[in-house]
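Visitor: I'd like to ask some things about the structure below.
The values are calculated or read from the model by the stated rules, or taken from the named source; none is laboratory data. The shown structure was predicted, so the numbers you read here are calculated from the model rather than taken from an experiment. When we count neighbours, we look across all protein chains shown, and the Cβ atoms used for this are built from the backbone with ideal geometry, even at glycine. Note: areas computed on protein heavy atoms with side chains; ligands, DNA, RNA excluded. Shrake-Rupley method; radii C 1.70, N 1.55, O 1.52, S 1.80 Å.
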Amino acid sequence: RSQESRERLSVCSKLCYAVGGAPYQITGCALGFFLQIYLLDVAQVDAFYASIILFAGRVWDAITDPMVGFFISKTPWTRFGRLMPWIMISTPFAIISYILIWFVPDISTGQVMWYLVFYCAFQTLVTCFHVPYSALTMFISREQSERDSATAYRMTVEVLGTVLGTAIQGQIVGKVDTPCIQSPFFFSLTNSSVAMEELNMTHDTESLTDTRNAYMIAAGVIVGLYVLCALILVLGVKERRESSEQSDEPVSFLQGLKLVMNHGPYIKLIAGFLFTSLAFMLLEGNFALFCTYTLGFRNEFQNILLAIMLSATLTIPLWQWFLTRFGKKRAVYVGISSAIPFLITVVLVDSNLFVTYVVAVAAGISVAAAFLLPWSMLPDVVDDFKLQHPSSHGHEAIFFSFYVFFTKFTAGVSLGISTLSLDFAGYQTRGCSQPDQVNFTLKMLVSAVPVGLILLSLLLFKLYPIDEEKRRKNKKALQDLR
């Protein structure tokens with residue numbers, strides 16, 4: 001009891017820790033929901049090159065996670081800790097590269113390289129923030145209950161971060177009418193004069209400039225929040241050193257990686273959430289296009305996204321209560337599978353705004369579970385690893401960074417393939433409408449494929465061995481070991 005009392009975290013500490021998760025989610029949500037449509041319709045990058053930018057950026061983002069994990073494992077302890085210096089140093093460079101992603105350079109050639117370079121640069125720098133922040137979970141307390149509680153705080157703030165990212169980007173950009181181009185068939189039916197065409201072109205150019213300015217304003221607001229949250233995290237959280245890590249001897253990364261990758265519960269957990277992550281990444285990356293073109297809600301998609309994220313934010317406490325009462329594995333089955341009927345409904349029901357909002361609110365409940373559960377279950381795997389390898393320590397960053405690596409890498413592949421699929425289907429840049437093949441492809445990308453991936457993930461979770469009884473035994477064994 002005395003040990004548990006010393007490890008107990010105050011509400012203020014949990015809140016300061018939780019706020020640190022917001023920058024990654026705010027920027028990630030803005031990029032995930034809006035970068036594809038921004039590159040296609042605002043920066044006017046060809047769909048093929050847009051797919052290269054999205055694919056390469058995501059893959060590079062995935063590669064940087066184990067790289068950063070490696071360098072963190074080699075980082076000596078400082079008076080600020082081992083993880084905090086990474087967060088402090090990466091922040092100013094990250095906000096500069098983020099702003100430049102949403103800037104349209106006035107260059108005739110090299111535009112694709114511009115977005116590729118700054119997208120990859122930002123992904124690297126935000127990884128230098130998020131990997132140490134994720135591993136910090138293991139260094140704020142050694143008590144499972146306190147870590148789970150802090151994780152629930154964190155997930156609530158992170159989902160709130162997605163709401164902020166969606167609201168800031170969506171509402172600022174949504175207030176500007178992005179011009180679209182009618183189909184060639186429409187132009188063939190009109191006999192407007194050359195003067196009228198020039199007038200329309202001038203109006204479109206001014207509207208497009210307003211849209212680009214709106215994206216820059218949104219980026220400025222978001223980086224302001226990024227800096228504020230980073231300051232609260234650094235000033236409000238103390239990184240605690242494990243008693244077993246009093247020596248600054250360097251950790252063997254390759255040996256640690258081999259041990260981690262041979263740990264069965266970790267591999268099974270990764271496999272399950274890998275396909276769950278793929279499903280939600282596909283939905284996230286294509287939902288703005290789906291609402292704009294397939295459902296025809298060009299001026300409502302930002303509000304629909306906001307409804308999903310608000311619903312997710314409000315239901316995080318519900319899932320925290322559920323996993324505490326019924327166990328984490330059961331929460332996975334109930335939470336993840338609850339998305340399936342709503343993903344099917346949104347494409348089968350005719351375009352109806354009320355139904356779409358109802359489906360969005362219901363889908364947000366499942367999104368909350370997908371946010372909370374991986375980060376709540378990863379510390380359990382790390383504890384199980386410590387019991388099996390009590391003499392091996394300092395591998396927390398490997399666990400968290402490689403989990404993110406696998407999810408990001410596959411998400412990058414899927415997002416690149418989905419953008420290529422739209423290109424092959426005949427996507428029309430800045431079109432007011434899209435061909436039937438594009439609408440069919442969008443339906444597959446936000447419904448059929450995610451449903452199949454979710455079903456596969458649920459089958460894989462049957463193999464995950466750490467249930468509630470196993471968790472209790474591990475907790476007692478770790479207390480005895482300490």
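Visitor: Would you mind computing, in nm to one decimal, how far apart the modelled labels at VAL358 and SER145 are, each placed 7 Å from Cα along Cα→Cβ?
Guide: Placing both labels 7 Å along Cα→Cβ, they lie 4.2 nm apart.
Visitor: Mind ranking 133-144, 156-167, 96-107 by how tightly packed they are, going by the mean number of other C-beta atoms within 10 angstrom, highest first? Write down the numbers at each step before the final one.
Guide: On the way: 133-144: 21.9, 156-167: 24.6, 96-107: 16.8.
The packing order, highest mean first, is 156-167, 133-144, 96-107.
Visitor: Per residue, how much accessible area does the chain show when a 1.4 Å probe rolls over the protein heavy atoms, in square angstrom?
Guide: Accessible area per residue, the chain: 42 Å².
Visitor: At what distance in nm do the modelled label points of SER337 and LEU463 sit from each other, each positioned 7 Å from its Cα along Cα→Cβ?
Guide: Once both label points are built, they end up 1.9 nm from each other.
Visitor: Turning to a different aspect of this structure: If you scale each eigenvalue of the Cα gyration tensor by 5 and take the root, what three semi-axes come out for the chain, rounded to whole angstrom and sorted largest first? If you can, show how the numbers build up before the last one.
Guide: Working: eigenvalues 345, 117, 73 Å².
Largest first, the chain gives 42, 24, 19 Å.
Visitor: In sequence order, what are the phi-derived ³J(HN,Hα) couplings for region 366-379 according to the Karplus relation 6.51 cos²θ - 1.76 cosθ + 1.60 with θ = phi - 60°, rounded to whole Hz, with x for glycine and proline?
Guide: Taking θ as phi minus 60°, the curve returns 6, 4, 4, 5, 5, 6, 6, 5, x, 6, 7, 8, 4, x Hz for region 366-379.
Visitor: Next question. Can you give me the P(r) profile for region 68-181? Cα pairs, bins 10 angstrom wide beginning at 0, each as a whole percent.
Guide: 11, 28, 34, 18, 8, 2
Visitor: Tell me, in nm to one decimal, what length is gained between MET67 and SER351 on full extension, where the rule is 0.36 nm per residue of separation less the Cα-Cα distance?
Guide: Numbers: separation 284, 0.36 × 284 = 102.24 nm, distance 4.53 nm.
Difference between extended and current length: 97.7 nm.
Visitor: Here is a follow-up. Do the sum for the chain: with -39,500 (n - 2.57) for every DSSP H run of n ≥ 4, divided by all residues, what is the mean residue ellipticity at 222 nm, to the nearest 500 deg cm²/dmol? Working shown, then result.
Guide: Numbers: 19 runs with 367 residues, N = 482.
It lands at -26000 deg cm²/dmol.
Visitor: Quick check: convex hull over the Cα atoms of region 251-481, volume per residue in Å³, rounded to an integer?
Guide: Details: hull volume 29.4 nm³, N = 231.
Convex hull volume per residue, Cα atoms: 127 Å³.
Visitor: With a 10 Å radius around each residue's Cβ, average the other Cβ atoms per peptide and rank 65-77, 29-41, highest first.
Guide: Sorting 65-77, 29-41 by mean packing, highest first, produces 29-41, 65-77.
Visitor: Another question, then. Using θ = phi - 60° and the Karplus relation 6.51 cos²θ - 1.76 cosθ + 1.60, list the HN-Hα couplings for region 85-91 in order, rounded to whole Hz, with x at every Gly or Pro.
Guide: In residue order, the calculated couplings are x, 4, 5, 5, 6, 6, 4 Hz.
Visitor: Using 7 Å Cα-to-Cβ label points, what is the LYS473/ALA448 separation (nm, one decimal)?
Guide: 4.5 nm
Visitor: How big is region 343-386 in terms of Cα radius of gyration and Dmax, in angstroms?
Guide: Computed over the Cα atoms of region 343-386, radius of gyration and Dmax are 16.7, 53 Å.
Visitor: Then there is this: Using the beta-carbon distance between LEU254 and TRP77 and R0 = 22 Å, what value does 1/(1 + (r/R0)^6) give for FRET efficiency, to the nearest 0.05?
Guide: Working: r = 21 Å, r/R0 = 0.97.
So, using R0 = 22 Å, E works out to roughly 0.55.
Visitor: Could you state the principal axis extents of the C-alpha atoms in region 409-482, from the largest down, to the nearest angstrom?
Guide: 65, 23, 18 Å, listed from the longest principal axis down.
Visitor: Tell me the net charge near GLY21. Cut-off is 9 Å between Cβ atoms, GLY21 excluded, with +1 for each Lys or Arg and -1 for each Asp or Glu. Can you show the working numbers first?
Guide: On the way: positive: ARG154; negative: GLU158.
Local charge sum for GLY21: 0.
Visitor: Given H placed 1.01 Å from N in the peptide plane, which residues other than close sequence neighbours of GLY431 have an amide H under 5 Å from its amide H?
Guide: So GLY431 has HN proximity to ILE181.
Visitor: Mind grabbing the accessible area of HIS389 for me, 1.4 Å probe, Å², rounded to tens?
Guide: HIS389 has an accessible surface of roughly 50 Å² with all protein chains in place.
Visitor: Highest first, please rank the peptides 268-279, 227-238 by the mean number of other Cβ atoms sitting within 10 Å of their residues. Walk me through the numbers before you get to the answer.
Guide: Values: 268-279: 22.9, 227-238: 17.6.
Those peptides, ordered most packed to least, come out 268-279, 227-238.
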